[in-house]
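What follows is a short report on a single structure.
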Amino acid sequence: MPTHRTFIATYIMASGRNGTLYTGMTANLTARAWRHRSGAFEGFSKTYGCTRLVWFQRFAWVAEAIRREKQIKEWKRDWKLKLIEDANPGGLDLAADWFPENDPDWTPPNEAD
C-alpha cells in the first residue's frame, strides 16, 4: 500500500493558515516537503515562507498530477483556500510528524524527481 513516501502528488504548501500558497507536484512528497521546510528551494516558496504542507492529492500518473497542478494554479485564491479548508479544516501541517529531526540517526530524504 502506498504511503506519503511513495506516490505521485499535487500539493499545496502555505506560510501559515490562510497565508501565502505555493502549488506544485512531485513523485516524492516526503523529500519535496522536506526541501520546502528546510528552505532548500530558492525562489517563491523560500521567499514567502511556504513551509507547511496543507493539502495534497495522490495520482497514479505524472501527467494527471501535472494537469491538476496547472488547474489549481489557474484558480482564484478563494477556491484554493476552500480546497484546503474542505480537506484540512484546521490548516494543519500534514507533514509535521514526517521528519524526526531530533533523532541523531535520521537523515533528510533524497529527492529523485
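The values are calculated or read from the model by the stated rules, or taken from the named source; none is laboratory data. Just so it is clear, the structure is predicted and the values come from calculations on it, not from any experiment. FYI the Cβ positions are ideal-geometry reconstructions off the backbone, even for glycines, and counts take in every protein chain you see. Surface accessibility is based on the protein's heavy atoms, side chains included, excluding ligands, DNA and RNA. Shrake-Rupley method; radii C 1.70, N 1.55, O 1.52, S 1.80 Å.
Can you find a residue that is part of a helix (DSSP H, G or I) and modelled with pLDDT of 95 or more anywhere in region 34-46? For region 34-46, residues part of a helix (DSSP H, G or I) and modelled with pLDDT of 95 or more: absent.
The set of residues from region 16-33 being in a loop (DSSP other than H, G, I, E, B), touching an Asp or Glu at 6+ places or on another chain (Cβ under 6 Å) and not aliphatic (A, V, I, L, M) comprises just one member, Asn28. For region 91-99, state whether one or more residues are open to solvent by less than 60 Å² (accessible area, probe 1.4 Å), not in a loop (DSSP other than H, G, I, E, B) and not β-branched (Val, Ile, Thr). Taking every residue of region 91-99 in turn, none turns out to be open to solvent by less than 60 Å² (accessible area, probe 1.4 Å), not in a loop (DSSP other than H, G, I, E, B) and not β-branched (Val, Ile, Thr). On the stretch given as region 65-89, residues that are touching a residue at least 40 places away in the same chain (Cβ under 8 Å) and of a type outside the set (Lys, Arg) total 7. Report yes if Thr30 is surrounded by 15 or more Cβ atoms within 10 Å (Cβ to Cβ) and either of a type outside the set (Ser, Thr, Tyr) or within 8 Å of the chain's Cα centre (by Cα) (or both), otherwise no. Answer is no for this residue. Please verify whether Gln71 is part of a helix (DSSP H, G or I) and of a type in the set (S, T, N, Q), treating the condition exactly as stated. Taking the combined requirement at face value, the residue satisfies it.
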